[in-house]
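See below for the structure under consideration.
None of the figures in this text is laboratory data; all of them are computed from the coordinates on show. These numbers were taken from a predicted model, which means no experiment stands behind them.
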Amino acid sequence: MNDQSNLGNYGLWYYPVALPMETIVRGQVSQNLLENVAKATNAEYNAIRAYEALVQLAPNKEFAGIITNIRNDEIAHFRNFSQIFSVLTKGRQPQLTSNPLPTNFRVGVEESIRDELEDSKFYQETTKFTTDQRILTTLRDASADEARHATWFSYIWSRTP
């Protein structure tokens, strides 16, 4: 199921990155950068959906609050990656696909730890495809956030029976 109709509910498209990106040189855009930003946008989209489901499955308010805060970071990442892709492609948006949602809290948290760590590494690896400081900053900040999220999910996992 491709559930892009919910995107308007999050206000996710065309949210500006810290600085206006209209000045990015669009001459030689790396195909690797475009593919990776599209993949990152899709990963963030699925994280938003998965964490919304985990909030509903959370056994207590503390865990629900932590996951809500993580989800808010993922919304910001989605907005930033969406904006970068749009600027680099002169207005296009990447194709989004919906992954299955978690139905078990502990299993969903365990998958989230793995996903956050993989995304952190992926964003670091993507930095080699650009010299634009705004894109580099966005990728590095998102990578740091993902590593922090993995720590929070590890905390939740360690306290979940």
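Structure values in brief
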{"read-out": "Candidate aspartates and glutamates for bridging to LYS61, where Cα separation is under 20 Å - those fewer than 8 sequence places away on the same chain excluded", "value": "GLU52, ASP73, GLU74, GLU110"}
{"read-out": "The stretch 61-84 versus the stretch 122-147: alpha-carbon centroid distance in Å", "value": "17 Å"}
{"read-out": "Eligible lysines near LYS121 by straight Cα distance, threshold 27 Å, same-chain separation 8 or greater", "value": "LYS39"}
